[in-house]
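The values are calculated or read from the model by the stated rules, or taken from the named source; none is laboratory data. Bear in mind the structure is a predicted one, so any value in this text is a computation, not a measurement. Virtual Cβ from ideal backbone geometry, glycine too; neighbours counted across all protein chains shown. Heads up: the accessible areas ignore ligands, DNA and RNA and are worked out on the full protein's heavy atoms, side chains in. Shrake-Rupley method; radii C 1.70, N 1.55, O 1.52, S 1.80 Å.
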Amino acid sequence: MATSRSSSLSGGMSTPALLQQSTAAALFLLLLLAPPTLTTAQLDINFYSKSCPELEKTVRQEMLAILKESPTLAGPFLRLHFHDCFVRGCDASVLLDSGPNTPIPAATAEKDAPPNKSLRGFGAVQRVKDKLDALCPSTVSCADVLALMARDAVFLSSGPSYAVPLGRRDGLRSVANDTKQLPPPTSNFTRLAAMFAAKGLSPKDIVVLSGAHTLGTARCVSFSDRLYNYTGANNLADVDPELDGEYVTALRSRCQSLADNTTLAEMDAGSFETFDAGYYRLVAKRRGVLHSDAALLEDEETRAYVERQATGMFVAEFFRDFAESMVKMGSIGVLTGDQGEIRNKCYVVNSHH
Ligand code: HEM
């Protein structure tokens, strides 16, 4: 059809114009006939199929062993990937240690900035990387290891599985100050929307990805302003009006002071090791632990999503949405081709730089 249209339109055209027309038609046809593409940005789910065919199987096996030993690490692995992607793109910059071995001598790395002080799981990432390097030396990037570990953490906690586009390269820099790009827990919706939009993510991605808070814990210090000092008046009446009154009491019995930065609270109380839609039921009842969780009720679109998922009848939809948004988040600012490097040790750049 495309061909016949191009010839009927070509009457009276000069040869180069005719050529251009038929090339365009051929390209159009090719596009129509091409198989659905398996890539996002320059990433490809088959990236290591020749260079490290056992990659995904190996990561899965290691993750099974790691989570068996330390079940509470599922949340931290997921959070590591998020914190990696939001700062300088998904380039494993979050894994680099501060100090003279970074290209900026004695620089403070992202890892040591306040929003990252409570990250966990670094040793396990290196454990998986070592296993892979024994199998396919200097082939798989730490950034891809993080993306796969996050996917497996979700799946092994009863969440969805999804194909992870691969081929990220590791970055050469990590700067504490760049962690300002991570949304703080005190964020309102306007702030969340702006910070996610800066990474190419939509309000739907915000509400879907916040569902990650179905896993894991928060330190009291991340939300105790809501219990004791919401406006700065610093008295027992100074609570966040967006937080359910009974839940204030329950959280206060766990977090007894404003300064407590060691006690942990489950974010999806009762099922914090299972990936499910329970988080949305809590948020809908104004029992989200962080202010940023409560903020999902401020916007019409995200509120509707929370309420729909709170019914518990659309979990399959949440799982599909989560997989889709994770792939989107996982492609933020990636380095590919000959950019960056494949790090040997995830906590330090290779020495030849
Ligand atoms: C919407 C903006 C977000 C904010 C403001 C936020 C903030 C936080 C904070 C403050 C904590 C507790 C940290 C602590 O006190 O130790 C936390 C934990 C966590 N976050 Fe988020 N987060 C957001 C989005 C996300 C996203 C997009 C993901 C992943 C896709 C994620 C995954 C997690 C997980 C799994 C934990 C639990 C970690 C653990 O158990 O140690 N968060 N988040």
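If you wrap region 117-216 in the convex hull of its Cα atoms and look at it from every side, the mean projected area works out to 8.0 nm².
Compute the acute angle (0 to 90°) between the alpha-carbon long axis of helix 315-329 and the principal axis of greatest extent of the alpha-carbon atoms of the chain; round to the nearest 10°. Roughly 70 degrees between the two axes. Excluding ligands, DNA and RNA, the accessible surface per residue across the chain is 47 Å² with a 1.4 Å probe. The tail of the calculated P(r) for region 44-181 beyond 19 Å holds 49 percent of all Cα-Cα pairs.
Pop the C-beta distance of ARG303 and ASP338 into the FRET formula with R0 = 51 Å and round what comes out to the nearest 0.05.
Efficiency, from the Cβ-Cβ distance: 0.65.
Sorting VAL327, VAL221 by accessible area puts them as VAL221, VAL327; the probe is 1.4 Å, largest comes first, and only protein heavy atoms count.
Once the Cα atoms are used to define both axes, helix 300-310 deviates from the longest principal axis of the chain by about 70 degrees. Rounded, prolate or oblate: which fits region 252-353, taking a ≥ b ≥ c as square roots of the Cα gyration tensor eigenvalues, rounded meaning a/c under 1.5, else prolate when a/b beats b/c? Oblate. Computed from the mean reciprocal separation of all distinct C-alpha pairs, what Kirkwood hydrodynamic radius does region 189-326 have, in Å? Taking every pair of different Cα atoms in region 189-326, averaging 1/r and inverting gives 15.3 Å.
When the gyration tensor of the chain is built from Cα positions, what are the square roots of 5 times its three eigenvalues, in whole Å, from largest to smallest? Over the Cα atoms of the chain, the ellipsoid semi-axes are 40, 28, 20 Å.
Each of THR311 and THR139 was given a label point 7 Å from its Cα along the Cα-to-Cβ line. The distance between the two points is 4.8 nm.
At a 1.4 Å probe, what is the % contribution of carbon and sulfur to the accessible area of the chain? Each step should come with its number before you reach the end.
Working: 9480 of 16660 Å².
The nonpolar share, carbon plus sulfur, comes to 57 percent.
With everything on Cα atoms, drop me the angle between helix 15-33 and the longest principal axis of the chain, reported from 0 to 90° to the nearest 10. With both axes taken from Cα atoms, the answer is about 50 degrees. Extension gain, GLU242 to ALA65, is 59.7 nm, computed as 0.36 nm per intervening residue step minus the present C-alpha separation. Working note: 222 nm ellipticity from helices only, DSSP H runs with n ≥ 4, each -39,500 (n - 2.57), summed and divided by the residues of the chain, gives -13000 deg cm²/dmol to the nearest 500.
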